[in-house]
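So the structure is just underneath, and the comments pick up after that.
The values are calculated or read from the model by the stated rules, or taken from the named source; none is laboratory data. All of these numbers come straight from a predicted model, not from anything done at the bench. Cβ atoms come from the backbone with ideal geometry, glycine included; neighbour counts cover every protein chain shown. Note: accessible area is taken over every heavy atom of the protein model, side chains too, but ligands, DNA and RNA are not part of it. Shrake-Rupley method; radii C 1.70, N 1.55, O 1.52, S 1.80 Å.
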Amino acid sequence: MPAKMQLIVLGVAVLVGAVIVTVRIHDRGSSDDVRESREDQPETTPGPAVADAEDAANYVGDAVCAECHADIAANYRRNGMARSWQPVTSDLPAHFLEESLIPDAEGLYQYQTLLNQSGQPIQRESLVADEPAVAHSLERTARYLVGSGNHAQALVTESNGYLHQMPLAWFPLKARWDLNPGYAEYNHRFNRPIAPECIACHATRAVHRSPTRNRYEQPVGPGIGCERCHGPGARHTAHWSHDERPSEDEIVNPGNLRPDRANDICLQCHLQGDVFLYEPGSHAFSFRPGDRLQDHRHDFLVQADGKEAFGVASHGARLLQSACYQQSESLTCFDCHDPHRPISDFTRADFDNGCIECHQPSNCGRPEASNDLRDGCVQCHMAQRPTREGIHLVFTDHWIRRRPSDIESSFALSPNDDVELVSPWPDARPDDVQLGSAYLLFHDTLGPQLPSLRRGLQMLEQAGETSPLDNEARFRLASGLLNQRRSREAAELLRNLLRSSPDDLEARFRLGVAYSQLGEHTAARREYERVHSAVPDWIAPYSPLSRIYLFHGRAADAVRLLEEQQQFLPTAESLADLALARWMTGLPPTEALQLLNAGRQLDPRSVRVHLVRGQLHTAAGDTRSAAAAYRLVLEIEPGNPIAEEGLRALDAP
């Protein structure tokens, strides 16, 4: 075989074979993706079903409620919750005219919010240090506004039903655009998936395309409506439309519920666990007003070295720590808040009056205090503080204390922190299966957190020795084993799970991951093919399956598969693999490079794109450009073995 052809064949084998054994580990129903490499962020993880068409028929919408409750509805439209998820319209807030050019934390990309020629809001990405050879500009159009705008307002872009957060948000406190929370730690660019849990706390319902992570029937929303707190209204309104008085169980009045059940309506969104586990059959939208929240999910909070975790939506978790709550049998959120009206309708004295019902001003221990409590109870005992998200956000701390902490900001979680997970519920006693699963989920969603991974595995393995694990716990345990490359044990667990639940596509996908790690590519291919056949709009199987096809010389099958993916959600990595596959089926390398340019436009720093560039330039005889591509890979990802091998091969005689 000629030396050049040997170089090309070696390059394909290294390029394709290396990625098969590094298939990413995804989480079931988590808030974000965690991978060994995050370059292909759009391959999103599956999430639980949110609502189906039959369930949607039980909802009538706010306009129907307003026919009988016009005054309440008019007041509520002024409330921030009513604006928590809105479609973009021509009536845009004035801050969309504010100029912005915000760099990411690494100083690689910069972003600005603009209006396009049609008056639609867009965000534009460019490189901070553009050179003519690598000029880059990527734009996305906003489809939805998320957040009321009282504290922040983010933008969501939609493509073929897939929803992703955009990098910049508006922060009124500082009157400026800035990066969204989480983007300082990792720039998700336009690829941060809007998970069901995100929509669940910003909109009343959504119809989710399970098991995709972030594809929904359109449109979604609008914001938190009447039925989110009062329950689906179809049966209630049907009786009234026939002049029949409905029974009380057909609509929920939270004021008539037990205090803990009334609070659960608020806590479904204002608890903000760091990780949470759903009960079997439950999901982000399964809770109904009047339910017990713990029957749907278990929340866990991080405690690290006694540091406090105060987040934008942790009002409930903080309240549950308060002696006022723990010693009261009747305290509810509604004692201080009227959910039908905005907070701006109330004065500080209105909130202090709730305290004075139990605590007399004369009992205040401050020497300078007077009976009129000039500074107020809330000002001292529920001070406003910056949140752990750390970006221009100040919220009221609902942990009511005699002497509040002087800490002004909460701890920042670091990789591999040795943390303790605790339940926010004072009376909760999670068992080892729940707690072990939570530690594994914590590693998957906020990782790498190797101490939590080891602790979770130990707890689940020990629990499994005394009694059989249910399928959800098996799934979590198998996921942890895959993270430790204990692939054979994981495969056995997943096979047993699938014997009783053969339609669990997420478990089947992960079985494919286990087989890939074991080098059993034929078995992995069968599992990926079954998953893809069942849910072609779930992006996760496309990459590993197409690369197995390439590795086994089935380039035409890879081309067919990757072209199908482009109909759903193109990514830089899928376009790189498509260019490689098209070349392997006979397309001249120069034409394949033109196809690759589309992937480069989506992500100019994609390692995968530049590795394929190096291979195609090598095939075209342009060793200088090939070497430049491999050197760029090493600049982006120092020590990349494929790029190093490519450079060594180019230097070989």
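Under the condition of being outside any helix (DSSP H, G or I) and open to solvent by 30 Å² or more (accessible area, probe 1.4 Å), which residue from region 456-475 is farthest from residue 444 (Cα to Cα)?
467
Within the set 131, 54, the sole residue that is charged (D, E, K, R), closer than 30 Å to residue 604 by Cβ and either open to solvent by 80 Å² or more (accessible area, probe 1.4 Å) or modelled with pLDDT under 95 (or both) turns out to be 131.
Acidic (Asp, Glu), assigned to a helix (DSSP H, G or I) and at pLDDT 95 or above - does that describe any residue in region 476-491? So far as region 476-491 goes, yes, one or more of its residues are acidic (Asp, Glu), assigned to a helix (DSSP H, G or I) and at pLDDT 95 or above. Would you be able to say whether some residue in region 256-267 is without any contact (Cβ under 8 Å) to a residue 60 or more places away in the chain and over 22 Å from residue 336 (Cβ atoms)? So far as region 256-267 goes, no, none of its residues is without any contact (Cβ under 8 Å) to a residue 60 or more places away in the chain and over 22 Å from residue 336 (Cβ atoms). Scanning region 74-115 for residues that are under 21 Å from residue 222 (Cβ atoms) and among the acidic types (Asp, Glu) yields one hit, 91. Got at least one residue in region 478-488 being under 27 Å from residue 326 (Cβ atoms) and of a type outside the set (Asp, Glu)? No, that holds for no residue.
Taking the criterion of being out of contact with any Phe, Trp or Tyr (no Cβ under 9 Å at 6 or more places or on another chain) and closer than 18 Å to residue 174 by Cβ, the residues of region 89-121 that qualify are 94, 97. Being touching a Gly at 6+ places or on another chain (Cβ under 6 Å) and open to solvent by less than 40 Å² (accessible area, probe 1.4 Å) is a description that does not apply to residue 207. Exactly one residue out of 272, 218 is at pLDDT 90 or above and either within 22 Å of residue 81 (Cα to Cα) or outside any loop (DSSP other than H, G, I, E, B) (or both), and it is 218.
Taking region 234-269 as the search range and keeping residues that are of a type in the set (D, E, K, R) and at pLDDT 90 or above, which one is most open to solvent (accessible area, probe 1.4 Å)?
First pass over region 234-269, keeping only residues of a type in the set (D, E, K, R): 235, 243-245, 248-250, 258, 260-261, 264.
Imposing the further condition that a residue be at pLDDT 90 or above reduces the set to 258, 260-261, 264.
On the way: 258: 134, 260: 56, 261: 60, 264: 9 Å².
Ranking the candidates gives 258 first.
For region 280-292, the candidate set comprises residues that are under 20 Å from residue 440 (Cβ atoms) and within 19 Å of the chain's Cα centre (by Cα); within that set, the residue that is most open to solvent (accessible area, probe 1.4 Å) is 283.
Scanning region 441-455 for residues that are surrounded by fewer than 24 Cβ atoms within 10 Å (Cβ to Cβ) and among the small types (Gly, Ala, Ser) turns up just one, 447. Could you say which residue among 213, 140 is modelled with pLDDT of 95 or more and of a type in the set (D, E, K, R)? Unique residue meeting the criteria: 140. Take the conditions (1) among the charged types (D, E, K, R); (2) at pLDDT below 95; (3) open to solvent by less than 70 Å² (accessible area, probe 1.4 Å); residue 429 misses just one of them, which is (3).
Assessment of region 379-390 against the conditions (in contact with a Lys or Arg (Cβ under 8 Å, 6 or more places away or on another chain), buried (at least 18 other Cβ atoms within 10 Å of the Cβ) and at pLDDT below 85) yields no matching residue.
Quick check: anything in region 600-607 in a helix (DSSP H, G or I), touching a helix residue (DSSP H, G or I) at 6+ places or on another chain (Cβ under 7 Å) and hydroxyl-bearing (Ser, Thr, Tyr)?
No, region 600-607 contains no residue that is in a helix (DSSP H, G or I), touching a helix residue (DSSP H, G or I) at 6+ places or on another chain (Cβ under 7 Å) and hydroxyl-bearing (Ser, Thr, Tyr).
The set of residues in region 602-653 that are open to solvent by 50 Å² or more (accessible area, probe 1.4 Å), under 30 Å from the mean Cα position of the chain (by Cα) and touching a residue at least 24 places away in the same chain (Cβ under 8 Å) comprises 605, 637. Restricting 350, 372, 295, 305 to those that are at pLDDT below 85, open to solvent by 40 Å² or more (accessible area, probe 1.4 Å), among the charged types (D, E, K, R) and under 27 Å from the mean Cα position of the chain (by Cα) reduces the list to 305. Scanning region 93-116 for residues that are open to solvent by less than 40 Å² (accessible area, probe 1.4 Å) and hydrophobic (A, V, I, L, M, F, W, C) yields 96, 102. Remark: pairs (first residue in region 101-115, touching a residue at least 60 places away in the same chain (Cβ under 8 Å); second residue in a loop (DSSP other than H, G, I, E, B) and β-branched (Val, Ile, Thr); Cβ separation under 7 Å; 6+ apart in sequence or on different chains) = 108/128; 109/128.
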